[in-house]
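The values are calculated or read from the model by the stated rules, or taken from the named source; none is laboratory data. Only a predicted model underlies this, so the values are computations on that prediction, with no experimental measurement involved. Here Cβ is always computed from backbone atoms with ideal geometry, including for glycine, and neighbour counts include all displayed protein chains.
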2 protein chains.
Amino acid sequence: MRWIKFTTGGKTRHGIVEDDRIIETSGDMFGEWSKTSATHALADVKIEIPVWPPTFYCIGMNYVKHLTEAANARGEVPAVPDRPQVGYRAHNALIAHDEDVVIPRGATEKIHYEGELAVVIGKKAKHLSEADAMSCVFGYTIGNDVSERTWQRADQGLWRAKNADTFKPMGPWIETEADVEKMQTTVCVNGKQTVSFRTNDMLFKIPQFIAEMTRYFTLWPGDVIWMGTDGQSPDIKAGDVVEIGISGVGTLRNRFVAEQT
Amino acid sequence: MRWIKFTTGGKTRHGIVEDDRIIETSGDMFGEWSKTSATHALADVKIEIPVWPPTFYCIGMNYVKHLTEAANARGEVPAVPDRPQVGYRAHNALIAHDEDVVIPRGATEKIHYEGELAVVIGKKAKHLSEADAMSCVFGYTIGNDVSERTWQRADQGLWRAKNADTFKPMGPWIETEADVEKMQTTVCVNGKQTVSFRTNDMLFKIPQFIAEMTRYFTLWPGDVIWMGTDGQSPDIKAGDVVEIGISGVGTLRNRFVAEQT
């Protein structure tokens, strides 16, 4: 099932996508809900951020190829994590499918995409074992972990580099029935493929992260965990359109534009 | 004015504290609101987290004495930041005044408090100058940036060390009329003072941070910025009660307990 949050006629609602139509729902997608009689053409609505996460988790350095290539580019020896370690992103940076990524004034040309699987939590969870970890997962969406690499090297932490306004596109919807093992992540810039990798080629996989996180954290319905990325991005410039497709989930598309002075 | 969020009779509301009573309000504390005829004794209500921040900002290393002492304790040379740099904390960890900080299983004895002034944003803001920066500030509350120092050294990032469930007490209310220049932060453990410092002895002050942050980030009503801490904490153990008082704002009190096995 594909859960979408959308606006039409000035009202924002949830619904289920079937082919090119949305069946409007009432209630709570994580709890009690039902279909209504209202439907909309997918093409006629504005797609919103699919869920506003209580906590916005993000995993770095979770694909060996990506972290090796990134270290090589810096002339460093890659530091491969020996256990799951958890990072975060900031809510101010979230935007929806088809909204514009605004390249801030003062940014260098080193603007990169990172195509990531985003796990959406559906149930309150603490102290889950790896075997039980997937029981709290509601579904999957897609994130673009946009990064300004010059700031990433210059700053303590990732504040400007990854959390500038509009740097965290997420969407277009939440797919509840996809099989992670079968997913392939493919990124296209202006319609031309730049990278493709097996989504589940993760150093530490989703159950390992959920088990480790819930030793210390309560996961809540709507929390998202972005799972990291593989491969390297070319420099993205104003006017470029980046599409991140994950098979079985969907495609997240955003245009990059320059901040107006 | 002191804005409080509280629960009584199973309902959670906002109100204004006057002496030992709460005058219930209706509307939006950041926008249109009015007093109602309902009042409650402060002692009769459960105090809630005063605001749920859209983004939860937190500044590290913003008091020279604290970062020098911390570096000395590690046998390192202190690295004093040369410009404002922004960090974050995680929403899962937030608790209210008088709720318990739960020391997780597996934590070492190196559990420390950090008493911090928390700035509450009241207006949407971007590209503010230092001169205009304070125009977006709604008021002040108090944060305890509880830390597990062994994890802080062992991990990449601050995930377990500072964001374990219950590690971020905030409250008890938001004071809108306090003067930062006159504030003194005083921490007591089990009623005995352990540290006291001038709250505004910050390396980079609130307007400098807001000006730098709003170059890249939109600040939204309810966002909080924890401003860092001074001094060193003794090791805090289960049963201890930590009170962080900031003159003109209030006192945030929390008991520490061990996680039940």
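Just to confirm my filter: which strands (runs of 3 or more DSSP E) fall fully inside region A:15-66 and include at least 3 residues that are surrounded by 13 or more Cβ atoms within 10 Å (Cβ to Cβ) and under 15 Å from the mean Cα position of the chain (by Cα)?
Qualifying strands (runs of 3 or more DSSP E): A:56-58.
Does any residue in region A:11-25 that is within 12 Å of A:TRP173 (Cα to Cα) come within less than 9 Å, Cβ to Cβ, of a residue that is at pLDDT 95 or above and small (Gly, Ala, Ser) six or more places away or on a different chain, and which pairs are these?
Taking only residues 6 or more apart or on different chains, the pairs are A:HIS14/A:SER26; A:HIS14/A:GLY27; A:GLY15/A:ALA38; A:VAL17/A:GLY250; A:ILE22/A:GLY15; A:ILE22/A:ALA38; A:ILE22/A:ALA41.
What single numbered condition from (1) within 12 Å of chain A (Cβ to nearest Cβ); (2) part of a strand (DSSP E or B); (3) not aromatic (Phe, Trp, Tyr) fails to hold for B:ILE142?
(1)
In region A:189-220, how many residues are more than 10 Å from every other protein chain (Cβ to nearest Cβ), among the hydrophobic types (A, V, I, L, M, F, W, C) and not in a loop (DSSP other than H, G, I, E, B)?
7
Is there a residue in region A:99-122 that is within 14 Å of chain B (Cβ to nearest Cβ) and closer than 26 Å to A:ASP179 by Cα?
Yes, because at least one residue in region A:99-122 is within 14 Å of chain B (Cβ to nearest Cβ) and closer than 26 Å to A:ASP179 by Cα.
How about region A:148-180: which of its residues are in contact with a strand residue (DSSP E or B) (Cβ under 9 Å, 6 or more places away or on another chain) and more than 13 Å from chain B (Cβ to nearest Cβ)?
Scanning region A:148-180 gives A:ARG149, A:PRO169, A:MET170, A:GLY171, A:PRO172, A:TRP173, A:ILE174, A:GLU175, A:THR176, A:GLU177, A:ALA178, A:VAL180.
In the set A:GLU175, A:GLU148, A:GLU181, which member is buried (at least 18 other Cβ atoms within 10 Å of the Cβ), modelled with pLDDT of 95 or more, out of contact with any helix residue (DSSP H, G or I) (no Cβ under 8 Å at 6 or more places or on another chain) and among the acidic types (Asp, Glu)?
Answer to the selection: A:GLU175.
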